[in-house]
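The numbers here are math on the coordinates, done by the rules we state, and not lab data. Source: prediction; values computed, not measured. Neighbour counts are summed over all protein chains in view; Cβ atoms, including those assigned to glycine, are modelled from backbone coordinates with ideal geometry.
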Amino acid sequence: MLFTEIVYGPIHSRRLGCSLGMNLMPLNGKICSFNCVYCECGFNTQGKYTLPKREEVAKALQIKLEELRAQGITPDVFTFSGNGEPTMHPEFEGIIEDTCQLRDQYFPNAKISVLSNSTQLGKESVVRGLMKTDNRILKFDSAFNETMKLIDQPVNENYSVEWLTERLCSFKGDLIVQTIFLRGEHDGKTIDNTTAQEVDAWVNALKTIQPKQVMIYAIDRATPVKTLEKVSKEELEQIADKARNAGFTVSVAG
Ligand code: SF4
């Protein structure tokens, strides 16, 4: 499923409420620094694509906000997500600044959130942009490199859990960690980040990162790998309880 607009919705998000979607990636393909087996947009598309320019994003947002105001609809949150990784946009920081300004003008109580896979945290402008938002919701799918690579399939082979953990720690707790839990098989290998060993290591990683909140969730829509299993709400709650017992605030979207 691809998003066909720069600004879409608002849609009801399991995790965020009435959410106005912001897509900084192409409208006719998906570009990402991961190639997650569970990605609702499918696997990465090859080829040359055009990204929307900063001015186009601001214009599209302003038009949408005018429409919403005329319809009496108030979004809870502006959410950057879309057809790939939003922080890969070269004008990410400037787009966040424009979005903050338009939010203040039209819906000052709405939050600005970014759903990010964390891969671009080595860029100072990306970190600055993220710090201008209300919620940085950063992906951490396994504390083990082998599992992370099976689930997320990072394009950069050198990407590692150690690098990621260090970057997440640099937010000094002012971040939300997001983790999907799933089981399945891909390319003849078993994928499972729900085992006791996985969950214990994940909780230990949270103790190091100290996020202000944790969001865990299960597959919700069709995935490019068809053998993946949706973990039940009950099982997610059991996993959440392990993190709660360690002192974390955890929300569950089953
Ligand atoms: S990080 Fe997000 S957009 Fe990128 S492949 Fe994974 S689920 Fe899809």
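Brief remarks follow.
- Complete set of residues in the stretch 235-254 that are part of a helix (DSSP H, G or I) and over 29 Å from G42 (Cβ atoms): E237, Q238, D241, K242, A243, R244, N245
- As for the stretch 21-29, it holds at least one residue that is over 30 Å from F181 (Cβ atoms) and hydrophobic (A, V, I, L, M, F, W, C).
- Single unsatisfied condition, K149 versus (1) surrounded by fewer than 19 Cβ atoms within 10 Å (Cβ to Cβ); (2) in contact with a strand residue (DSSP E or B) (Cβ under 8 Å, 6 or more places away or on another chain): (2)
- Options T50, T74, T45; residue that is in a loop (DSSP other than H, G, I, E, B), away from the ligand (no atom under 16 Å from the Cβ) and free of Cβ contacts under 8 Å to residues at least 40 places away in the same chain: T50
- Residue in the stretch 54-71 that is more than 16 Å from the ligand (Cβ to nearest atom), in a loop (DSSP other than H, G, I, E, B) and not basic (K, R) present: no
- Residue, nearest to N44 (Cα to Cα), within the stretch 78-124, restricted to residues that are aromatic (F, W, Y) and either within 16 Å of the ligand (Cβ to nearest atom) or buried (at least 20 other Cβ atoms within 10 Å of the Cβ) (or both): F80
- Strands (runs of 3 or more DSSP E) within the stretch 125-196 that include 2 or more residues within 16 Å of the ligand (Cβ to nearest atom): 135-139, 176-180, 182-186
- Top-ranked residue of the stretch 1-42 - restricted to ones that are crowded, with 18+ Cβ neighbours inside 10 Å and of a type in the set (D, E, K, R), ranked as farthest from the chain's Cα centre (by Cα): K30
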